[in-house]
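I have placed the structure first, in the form of structure tokens, so that the comments after it can refer back to it.
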Amino acid sequence: MRSAAFAFDRTLLLVYGRFIMASKRTAAESQRPFKPTRQQLIEAAGKTVPDVIAPDLRVLFCGINPGLYTAAVGHHFARPGNRFWPALHASGFTARLLSPFAERELLELGLGITNVVSRVTATAAELTPEDFIKGGRLLRNKIRRFQPRFLAVLGVGAYRAAFARPKAVIGEQEERIAGARVWVLPNPSGLNANYQLNDLVKLFGELRDAGEKDLRPTTC
């Protein structure tokens, strides 16, 4: 079973890699390079990445904070090896595998992306407890303003730190934030070896199923 799961991960990521190369050509033509230079990565430290957000979303996905690569290209979860986009597609949230450059298409599906902390760093380890506390407060205000049905935080450690929930685990949480149901998913970074792509697909799928049930009308 483990070898089959590994083969699944490898195949889907290979397809995604080829897909990204096609996106790279499109991005170059529109002066939006997919692969940043070393200088662009250095300069990315002072940038922010705009939220993909609108009122009344089905799910607002929330990353930890933008990395240098993502900030350099200006699109969420853009670093090669990140499993967010493959997991989103394979779990049924999107009908096709989206490139990070097509992230605005998520809004048409009632999906969005933000971050717990907007500050760009090379790694999440550079964030301080104060960053998470401030980020949690700002995120709470953002949820209150935009009113998504679900908030999906991609990183249990980030959720614990931002909302003072040291015992939180993966899955739906008991608390609601400004009326939104809260779900915690693993960090989809390729560096997170605790979860393979098939694990992420399963957990993303559980959130999708919960969201579909939430939309079904009740009967008497």
Restricting region 44-68 to residues that are part of a loop (DSSP other than H, G, I, E, B) and in contact with a strand residue (DSSP E or B) (Cβ under 7 Å, 6 or more places away or on another chain), the one nearest to residue 185 (Cα to Cα) turns out to be 64
Test result for residue 66, under 20 Å from residue 142 (Cα atoms) and surrounded by fewer than 17 Cβ atoms within 10 Å (Cβ to Cβ): no
Verdict on residue 86 being under 18 Å from residue 105 (Cα atoms), surrounded by fewer than 18 Cβ atoms within 10 Å (Cβ to Cβ) and at pLDDT 95 or above: no
Quiz prompt | Selection status of residue 158, free of Cβ contacts under 8 Å to residues at least 60 places away in the same chain and either aliphatic (A, V, I, L, M) or on the phi < 0 side of the Ramachandran plot (or both) | solution = no
### Query
Is it the case that region 95-104 has a residue that's among the polar types (S, T, N, Q), farther than 14 Å from residue 64 by Cβ and touching a residue at least 12 places away in the same chain (Cβ under 8 Å)?
yes
**Message:** Can you confirm whether residue 78 is within 16 Å of the chain's Cα centre (by Cα), crowded, with 16+ Cβ neighbours inside 10 Å and more than 21 Å from residue 184 (Cβ to Cβ)?
**Reply:** yes
Going through region 103-126 in order, the residues found to be buried (at least 20 other Cβ atoms within 10 Å of the Cβ) and either more than 20 Å from residue 60 (Cβ to Cβ) or of a type outside the set (Gly, Ala, Ser) (or both) are 103, 106, 111, 113, 114, 115, 116, 117, 120
Taking region 69-91 and keeping residues outside any loop (DSSP other than H, G, I, E, B), farther than 14 Å from residue 36 by Cα and not hydrophobic (A, V, I, L, M, F, W, C) leaves 86, 89
Within region 165-205, residues being under 29 Å from residue 69 (Cα atoms) and not aliphatic (A, V, I, L, M) number 16
Check: at pLDDT 95 or above and either under 25 Å from residue 194 (Cα atoms) or β-branched (Val, Ile, Thr) (or both): does that describe residue 122?
Finding: no
When restricted to 151, 88, the only residue touching a Ser or Thr at 6+ places or on another chain (Cβ under 7 Å) and under 17 Å from residue 210 (Cβ atoms) is 88
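The values are calculated or read from the model by the stated rules, or taken from the named source; none is laboratory data. All of these numbers come straight from a predicted model, not from anything done at the bench. Backbone-built Cβ (ideal geometry, glycine too); neighbour counts: all protein chains shown.
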